[in-house]
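Participant: One structure, pasted below without further comment.
The values are calculated or read from the model by the stated rules, or taken from the named source; none is laboratory data. Please read all numbers here as calculations on a predicted model, not as lab measurements. All Cβ positions, even for glycine, are placed from backbone atoms using ideal geometry, and neighbour counts span all protein chains on display. To get the accessible areas, we keep the full protein, side chains included, count just its heavy atoms, and leave off ligands, DNA and RNA. Shrake-Rupley method; radii C 1.70, N 1.55, O 1.52, S 1.80 Å.
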Amino acid sequence: MKTAVGIDLFERDIGMLFNSLAFAMFLPVVFVLYWCLPHKYRWGVLLVSSYYFYMSWNPKYVMLIFLTTFAAYLAGRLLEHEENEGRRKSIVVLTSVLCLGILFVFKYYNFFSENLVNILQLVSIQLHPITLNLLLPVGISFYTFQTLSYVLDVYKRKVPVEHHFGIFATFISFFPQLVAGPIERTENLLPQINKEKVFSYEQATSGLRLMAWGFFKKLAIADVLAIYVDAAYASLDKCAGIDCLCAIVFFSIQIYCDFSGYSDIAIGTARLLGIELMTNFHSPYCATSVKEFWSRWHISLSTWFRDYLYIPLGGNRGSKWQHYSNIMLTFLVSGLWHGANWTFILWGGMHGIALVMENCLSRFLSVKGRFGKIVSGLTVFIFCNLAWVMFRASSVNDFCLIISNLWTGLGNWAEFKKSTIGLNASVLRGIAWTIAVLMLYDFVSVKRDVLKWLATRNIAVRWAVYLAIVFYIILKMPLQSSSFIYFQF
């Protein structure tokens with residue numbers, strides 16, 4: 001039996017979570033310093049704060065974000081004065097190879113190394129796989145894509161080159177969205193860092209409301225559901241029937257509340273500093289097609305792949321087969337972006353196939369009337385639930401196991417009473433109530449900004465809602481909150 005050769009370079013990290021006491025102390029200090037100092041020093045406050053925030057995870061990894069930042073800054077300056085198209089392309093290629101090379105070593109090397117060895121073994125070539133025991137730097141996929149978008153936009157002359165290295169470094173490392181997005185575009189974030197701002201009470205209170213809603217989704221919904229989802233996936237051989245069904249649906253809600261909750265807190269935090277980040281989620285489970293789902297889910301990533309991969313590949317130009325190939329390749333790469341595991345690639349492939357089928361059958365799938373929208377919405381939600389099983393499973397075998405176990409004893413109330421993951425009628429009632437609030441909020445949010453509407457209500461109504469959210473979070477959140485799911489990507 002072949003054994004892998006391991007190289008261990010970095011130890012585990014402990015970082016500053018949004019849902020931690022450390023961040024609760026950190027943010028007010030940054031807020032006060034930022035608004036007390038003149039505009040010309042504010043970028044410095046943000047840069048120091050962002051690097052301190054990032055170094056709280058693992059101080060050694062700050063060299064990676066600095067190297068990536070410097071490479072992109074240098075590429076921008078070189079592209080500004082270079083007119084020869086061949087040399088301009090070479091600058092972009094070299095910068096991309098460096099940035100993506102760092103990402104590959106830390107995130108994908110072991111995956112490709114092990115699969116290469118397995119392929120070679122099929123033709124009787126025996127090799128010892130060399131694995132690198134590297135801790136994945138938090139946020140590396142996010143800031144790498146943000147860096148690349150700047151270089152590509154400068155190359156296309158869509159945005160001006162930033163000459164001030166400190167301000168550019170602040171743009172790449174801006175702490176609210178550094179470790180899990182949104183993946184910001186140069187034309188949105190960089191000018192805001194440069195622009196002199198005056199404190200806005202309305203903007204700050206809007207940010208606090210959004211942060212409160214984000215904490216509600218994370219602490220009162222996602223972390224509660226995580227208890228039962230983790231229990232189910234830890235004992236798949238014993239989990240069956242209603243337990244499996246609940247685990248599947250719960251994870252769909254958990255990952256949405258966890259990730260969109262993070263985005264809400266990030267966007268709200270940025271608003272406290274006078275900066276508007278892009279919307280990253282917009283009621284995705286209200287979608288009536290898979291295409292619409294991806295226009296509402298992780299918007300900063302889906303639009304990144306659209307603009308920098310799908311459209312350059314040819315988009316919907318050319319033949320139908322070229323169009324479908326571009327869709328499939330984009331979603332397979334999107335799956336790989338999420339992690340070095342076949343489950344993520346297959347998850348991306350499932351969404352790619354669904355989109356291709358929607359395109360092929362578009363004339364038969366037109367949504368008509370309220371009933372048609374309800375049926376389409378339920379179909380998309382069920383598909384997403386099944387796809388999320390592949391996303392959550394640690395292997396394809398685990399995916400097959402939970403899908404096959406789903407039908408064992410389903411609908412048998414006696415089996416439900418013997419739940420292996422701790423579910424009972426009381427727990428389900430509490431979970432159903434919070435999910436109902438979430439779904440109502442999302443449904444109304446399709447056409448109206450609920451938090452903005454709330455701000456126009458009288459003071460008694462507003463504070464009754466604020467206090468209800470705070471007390472419910474305190475009442476329901478687990479004793480120990482978990483990290484955010486997308487930190488692993």
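Participant: Do you know which of the residues in the range 95-106 that are free of Cβ contacts under 8 Å to residues at least 12 places away in the same chain and open to solvent by 70 Å² or more (accessible area, probe 1.4 Å) is farthest from Leu309 (Cα to Cα)?
Facilitator: Phe104
Participant: Now for a separate question. How many residues are open to solvent by 40 Å² or more (accessible area, probe 1.4 Å) and of a type in the set (Val, Ile, Thr) when one looks only at the range 62-85?
Facilitator: 0
Participant: Name the helices (runs of 4 or more DSSP H) wholly within the range 206-321 that hold at least 3 residues that are β-branched (Val, Ile, Thr) and farther than 30 Å from Ile459 by Cα?
Facilitator: In the range 206-321, the matching helices (runs of 4 or more DSSP H) lie at 223-234, 242-272.
Participant: Do we have Trp347 as closer than 12 Å to Phe391 by Cβ, within 16 Å of the chain's Cα centre (by Cα) and open to solvent by less than 70 Å² (accessible area, probe 1.4 Å) here?
Facilitator: The answer is yes for Trp347.
Participant: Additional query: Of all residues in the range 150-206, count the ones that are among the aliphatic types (A, V, I, L, M) and out of contact with any helix residue (DSSP H, G or I) (no Cβ under 9 Å at 6 or more places or on another chain).
Facilitator: 1
Participant: Answer with yes or no whether Gln192 is touching a Gly at 6+ places or on another chain (Cβ under 8 Å) and part of a helix (DSSP H, G or I).
Facilitator: When the stated conditions are applied, Gln192 passes them.
Participant: Here is a further query. Say we look at the range 426-447 and pick out the residues that are farther than 21 Å from Leu210 by Cα and open to solvent by less than 40 Å² (accessible area, probe 1.4 Å); which of these is modelled with the lowest pLDDT?
Facilitator: By that ranking, first place goes to Val427.
Participant: State which residue pairs qualify: first residue at pLDDT below 95 and inside the range 37-57, second residue of a type in the set (Asp, Glu) in any location, beta carbons under 8 Å apart, and separation of 6 or more residues or different chains.
Facilitator: His39/Glu196; Trp57/Asp13
Participant: Could you tell me which residue of the range 205-225 is nearest to Ser263 (Cα to Cα), considering only residues that are open to solvent by 10 Å² or more (accessible area, probe 1.4 Å) and of a type in the set (Gly, Ala, Ser)?
Facilitator: Ala212
Participant: Taking the range 293-339 as the region of interest, how many residues are surrounded by fewer than 19 Cβ atoms within 10 Å (Cβ to Cβ) and farther than 26 Å from Lys158 by Cβ?
Facilitator: Result for the range 293-339: 8.
Participant: Mind listing whichever residues of the range 167-189 are more than 14 Å from Arg271 (Cα to Cα) and open to solvent by 10 Å² or more (accessible area, probe 1.4 Å)?
Facilitator: Those that are more than 14 Å from Arg271 (Cα to Cα) and open to solvent by 10 Å² or more (accessible area, probe 1.4 Å): Ile167, Arg185, Glu187.
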